[in-house]
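Asks: Before anything else, here's the structure in question.
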Amino acid sequence: MEKRFIYCDNAATTAVSKRALDAAMPYFCSEFGNASSIYMHGQNAAKAVLSAREKIAGILGCKTGEIYFTSGGSEADNWAIKGAALLGKAKGKNHIITSVFEHHAVLHTCEFLEKQGFEVTYVPVDENGLVRPKDIEDAIKDTTCLVTIMFANNEIGTIQPIREIAEICKARKVFFHTDAVQAVGNVEINVKDMGIDMLSLSGHKIHAPKGIGALYCRAGISLPNLIHGGAQEKNKRAGTENVPFIVALSVALEDACSDIKAKQERLSKKRDRLIDGILKIQQTRLNGDRQKRLCSNVNISIRGIEGESLLLMLDMYGILASSGSACTSGSLDPSHVLLAIGLPHEIAHGSLRLSISDETTDEDIDYILETVPKVVDRLRSMSPLWERICREEGLVGTI
Amino acid sequence: MIYSEKVMDHFANPRNVGEIENADGIGEVGNAKCGDIMKMYLKINGGIIEDVKFKTFGCGAAVATSSMATELIKGKSIEEALKLTNKAVIEALDGLPPAKIHCSVLAEEAMKAAIADYYTRQGLDPELYVGKVSHNCDACEGCK
């Protein structure tokens, strides 16, 4: 089979769509005015920002004034969590609840706040990668000012019981924030209907450019200013608006959310073919709940091999994927997400994440299913660990 | 993190992969928890390393450093092989990213462990010839 180029790392980032790019283009060179300027050229830019904000608010089911543009998901997470912490502190509340397998934008922010004297409870997740609402309920106390739980996990794609958690938070009068960076465009989200107080989203995961995102913050929550300066974003986040990217984000979000049900149906078929096909390799396991899972996410651990070498070899075949091994996490430990669902280090090192999009064709899936076993076979044939596993457990053959 | 072309070449086409039946010395270092294990097999005749093979579980650098280490000691005397340092392996590969230096340490240790095993099989005290061999990479916090 001919070598192909198959981008299967859409949870890392996505290509900018033609529609998003086309929508952004006029605001670079011709309609380049500053949205704060009074003349028509500036007001056109201001109108574009307003209309993008209206569009996004409409999609998320909130008011226009509840959308704040940021540089991306990490900034939105930082703002929501530190902001809610400061609001809490002013009322004598210094306790935050999150989960052990959040994105680092949330975890490291919480760790920072711990150093500042806040108390943080990291609730565990079950072996399927799901937060138990009961754990949140039990962890809430009088001093709790914020619960922040991701909508869907970025590595194993598990969709959390957000509605239930939001209900608990509402009943206990605690702010609820969710990092929805991976969920937006893959799951239907209506913030009012679901009772979400704050939500972070990122553009580059949904075919908008890198460097743009948004925070939804319910009216009535007066988040402290993030960047002091001009009057942009209701005085809360100063800095001249990135008009082209804001416009691109609104268009990309519109496309991503236009027909989520149909997209889920299309993608989950492909996802399931990948999962079933790769699980045919012996000594593999699917990480994360099979049902409560993003339609785009495949995460499988393959015993006896290490993730980075798997990715490098797949890259030689033109398949671009990701892993939770220590070597790819940039630390000595494998992914905190895989450890959180109870995988031993040895098995976490050998994980493979494929995140598909509508660009992924059935032929791509055929090619991946043909290539992965070949690559696994080759790596296992040179792995002393696999040799030991086979000897100790009486397994035969490489695949 | 970017690998040199040499590292990628040794990863894509590793030299001396496999096992040696009736090897005269076998060394295994590293552990599964840390994500790398190297196993080296030596065929030694008259003090010369006539053949060397390896098997590695680990990242691209782990495979490449084992491959390069086997190339550097094949056909050499034991004395010469024992002079091989992880630095020489790194240089021969045109460098390694900082986070991957421990892989080259592991390759050196695997080779030494295999030579130590050879001496043990000869009924000799390996420490006299090879010194102390660490079976875990000292650079790796996970092993401590």
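The values are calculated or read from the model by the stated rules, or taken from the named source; none is laboratory data. Please read these numbers as outputs of a predicted model, since none were measured by experiment. Cβ coordinates were reconstructed from backbone atoms using ideal geometry, including for glycine residues, and neighbour counts include every protein chain displayed. Surface accessibility is based on the protein's heavy atoms, side chains included, excluding ligands, DNA and RNA. Shrake-Rupley method; radii C 1.70, N 1.55, O 1.52, S 1.80 Å.
Asks: Exactly one condition in (1) over 19 Å from A:I156 (Cα atoms); (2) open to solvent by 30 Å² or more (accessible area, probe 1.4 Å); (3) not in a helix (DSSP H, G or I) is false for A:D377; which is it?
Replies: (3)
Asks: Let me ask something additional. So, in the stretch A:86-108, exactly how many residues are crowded, with 24+ Cβ neighbours inside 10 Å and either within 19 Å of A:L226 (Cα to Cα) or among the polar types (S, T, N, Q) (or both)?
Replies: Residues that pass the stated criteria total 3.
Asks: Step by step: first the residues of the stretch B:34-62, then only those that are facing chain A (nearest Cβ under 9 Å) and either without any contact (Cβ under 8 Å) to a residue 12 or more places away in the chain or not in a strand (DSSP E or B) (or both), then the one that is nearest to the chain's Cα centre (by Cα). Which residue is that?
Replies: The selected residue is B:A62.
Asks: Just give me the residues in the stretch B:10-33 being more than 9 Å from chain A (Cβ to nearest Cβ), farther than 26 Å from B:L82 by Cβ and of a type in the set (D, E, K, R), in sequence order.
Replies: Correct list: empty.
Asks: Of everything in the stretch A:345-374, what is out of contact with any helix residue (DSSP H, G or I) (no Cβ under 6 Å at 6 or more places or on another chain), part of a helix (DSSP H, G or I) and either within 14 Å of chain B (Cβ to nearest Cβ) or not β-branched (V, I, T) (or both)? Give them in sequence order.
Replies: Answer for the stretch A:345-374, where residues must be out of contact with any helix residue (DSSP H, G or I) (no Cβ under 6 Å at 6 or more places or on another chain), part of a helix (DSSP H, G or I) and either within 14 Å of chain B (Cβ to nearest Cβ) or not β-branched (V, I, T) (or both): A:H345, A:E346, A:I347, A:D362, A:E363, A:D364, A:D366, A:Y367, A:E370, A:P373, A:K374.
Asks: For the stretch A:276-285, state whether one or more residues are within 26 Å of B:D36 (Cβ to Cβ), surrounded by 24 or more Cβ atoms within 10 Å (Cβ to Cβ) and within 14 Å of another protein chain (Cβ to nearest Cβ).
Replies: Looking for residues that are within 26 Å of B:D36 (Cβ to Cβ), surrounded by 24 or more Cβ atoms within 10 Å (Cβ to Cβ) and within 14 Å of another protein chain (Cβ to nearest Cβ), one finds none in the stretch A:276-285, hence no.
Asks: Name the residue, out of A:P209, A:P224, that is open to solvent by 30 Å² or more (accessible area, probe 1.4 Å) and in a loop (DSSP other than H, G, I, E, B).
Replies: A:P224
Asks: Okay, next question. Can you go through B:T120, B:T65, B:T85 and tell me which one is farther than 14 Å from B:G47 by Cα, within 14 Å of another protein chain (Cβ to nearest Cβ) and among the polar types (S, T, N, Q)?
Replies: Residue meeting the stated conditions: B:T65.
Yes or no, residue by residue, for (1) assigned to a helix (DSSP H, G or I); (2) within 12 Å of chain B (Cβ to nearest Cβ); (3) open to solvent by 30 Å² or more (accessible area, probe 1.4 Å):
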| residue | (1), (2), (3) |
| --- | --- |
| A:N299 | no, no, no |
| A:I305 | no, yes, no |
| A:E308 | yes, yes, no |
| A:L312 | yes, yes, yes |
| A:V337 | yes, no, no |
| A:G342 | no, no, yes |
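Asks: A further question on this structure: Among A:T70, A:T121, A:T64, which is of a type in the set (S, T, Y) and either closer than 21 Å to A:I162 by Cα or open to solvent by 50 Å² or more (accessible area, probe 1.4 Å) (or both)?
Replies: The conditions single out A:T121.
Asks: Is there a residue being more than 30 Å from B:V63 (Cβ to Cβ), under 20 Å from the mean Cα position of the chain (by Cα) and part of a strand (DSSP E or B) anywhere in the stretch A:258-273?
Replies: Within the stretch A:258-273, not a single residue is more than 30 Å from B:V63 (Cβ to Cβ), under 20 Å from the mean Cα position of the chain (by Cα) and part of a strand (DSSP E or B).
Asks: A further question follows. Going by what's in this entry, would A:A152 be described as small (G, A, S) and crowded, with 24+ Cβ neighbours inside 10 Å?
Replies: Yes, satisfied.
Asks: Residues to consider are B:G27, B:G35; find the one that is crowded, with 23+ Cβ neighbours inside 10 Å and under 18 Å from B:A113 (Cβ atoms).
Replies: B:G27
Asks: Sticking with this one: What number of residues within the stretch A:286-297 are among the charged types (D, E, K, R) and either within 14 Å of chain B (Cβ to nearest Cβ) or open to solvent by 30 Å² or more (accessible area, probe 1.4 Å) (or both)?
Replies: 2
Asks: Continuing with this model, one more query. Look at B:E19 and say whether it is surrounded by 17 or more Cβ atoms within 10 Å (Cβ to Cβ), over 15 Å from B:A61 (Cα atoms) and touching a residue at least 24 places away in the same chain (Cβ under 8 Å).
Replies: No.
Asks: Further question on the same structure: Would you confirm whether or not the stretch A:231-254 contains a residue that is within 15 Å of the chain's Cα centre (by Cα), in contact (Cβ under 8 Å) with a residue 60 or more places away in the chain and in a loop (DSSP other than H, G, I, E, B)?
Replies: Within the stretch A:231-254, none of the residues are within 15 Å of the chain's Cα centre (by Cα), in contact (Cβ under 8 Å) with a residue 60 or more places away in the chain and in a loop (DSSP other than H, G, I, E, B).
Asks: Does the stretch A:319-328 include one or more residues that are open to solvent by 50 Å² or more (accessible area, probe 1.4 Å), free of Cβ contacts under 8 Å to residues at least 60 places away in the same chain, within 14 Å of chain B (Cβ to nearest Cβ) and more than 25 Å from the chain's Cα centre (by Cα)?
Replies: Among the residues of the stretch A:319-328, not one is open to solvent by 50 Å² or more (accessible area, probe 1.4 Å), free of Cβ contacts under 8 Å to residues at least 60 places away in the same chain, within 14 Å of chain B (Cβ to nearest Cβ) and more than 25 Å from the chain's Cα centre (by Cα), which makes the answer no.
This table checks each residue for (1) touching a Lys or Arg at 6+ places or on another chain (Cβ under 7 Å); (2) crowded, with 22+ Cβ neighbours inside 10 Å; (3) within 29 Å of A:I389 (Cα to Cα).
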| site | (1), (2), (3) |
| --- | --- |
| B:A88 | no, no, no |
| B:D94 | yes, no, no |
| B:S104 | no, yes, yes |
| B:G123 | no, no, no |
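Asks: Additional query: So for the stretch A:349-370 (the condition being modelled with pLDDT of 95 or more and on the phi > 0 side of the Ramachandran plot), does at least one residue qualify?
Replies: no
Asks: Across the stretch A:338-366, what is the total count of residues that are over 18 Å from A:N10 (Cα atoms) and touching a residue at least 12 places away in the same chain (Cβ under 8 Å)?
Replies: Going through the stretch A:338-366 one residue at a time, the tally reaches 11.
Asks: For residues that are open to solvent by less than 40 Å² (accessible area, probe 1.4 Å) and more than 20 Å from A:I341 (Cβ to Cβ), scanning just the stretch A:109-118, find the one that is farthest from the chain's Cα centre (by Cα).
Replies: Out of the qualifying residues, it is A:F118.
Asks: Working only within the stretch A:127-144, note down all residues that are surrounded by fewer than 22 Cβ atoms within 10 Å (Cβ to Cβ) and under 21 Å from A:H108 (Cβ atoms).
Replies: A:A139
Asks: Where the second residue is modelled with pLDDT under 95 and assigned to a helix (DSSP H, G or I) and the first is facing chain B (nearest Cβ under 8 Å) and open to solvent by less than 40 Å² (accessible area, probe 1.4 Å) and lies in the stretch A:381-395, which pairs have Cβ atoms under 8 Å and are six or more apart or on separate chains?
Replies: Listed by first residue and then by second, the contacts come to A:L385/A:E346.
Asks: Which residues, counting only those in the stretch B:105-131, are assigned to a helix (DSSP H, G or I), over 14 Å from B:G25 (Cα atoms) and free of Cβ contacts under 8 Å to residues at least 40 places away in the same chain?
Replies: B:V105, B:E108, B:E127, B:L128
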